[in-house]
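Only one structure is covered here, and it is reproduced in the block below.
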Amino acid sequence: MQGKTLAQVYALALGVVLVLLGILGFLVEPSFGVGDSADRGTLILFDINGWHNVVHLLSGIVGVALAGTAAKARLFCIGYGAVYVVVTILGFLVGDGGLLLSLIPINTADNLLHLVIAVTGIAVGLSTPAVSARRPAVA
């Protein structure tokens, strides 16, 4: 990862983890129910279902795709962090065992993890320059 910014490393690492969690989540709980018929499974400590798994997969793919350049990775970190601030607030409002948008099961562990992702994403994005430093070519 030599020559990569912190935002690029973060976007790639988070993206890969989210893709893997999305795939693994479908082995645990693949259902796509909504509202009162929404099923939920538990992966480690976190509530999941098919909708939650899709969000993980799509978010991870975006993270991996934007990790290629410093500017795009920085945008991902700040943007993803900002979205997760909103998701965290909504999650705490819905409460432990609730459903976001009547689709995605959420519990306190999810909310706390979303808060950590929001804070770290924004911090990494803001602390990383949009353009990576160029190293002089070695002759």
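Read the figures in this text as sums done on the coordinates, not as results from a lab. Because the structure is predicted, anything quoted here is derived from the model rather than measured. Here the Cβ positions follow ideal geometry from the backbone for every residue, glycine too, while neighbour counts run over all protein chains shown.
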Extension gain, residue 116 back to residue 83 (0.36 nm per residue minus Cα-Cα distance, nm):
10.6 nm
Solution diffusion estimate, µm²/s, Stokes-Einstein, the stretch 6-127, Kirkwood Rh from C-alpha pairs, 37 °C, viscosity 0.692 mPa s:
229
Please check: in the Gaussian network model of the chain (C-alpha springs, under 10 Å), which one of 36, 110, 47 has the largest mean-square fluctuation.
36
Would you list 128, 5, 42 from fewest to most Cβ contacts within 10 Å?
42, 128, 5
The answer for residue 107, listing residues at least 5 apart or on another chain whose modeled amide H is closer than 5 Å to its amide H, is 47, 97
Computed lengthening from residue 36 to residue 13, 0.36 nm per intervening residue step minus Cα-Cα distance:
4.8 nm
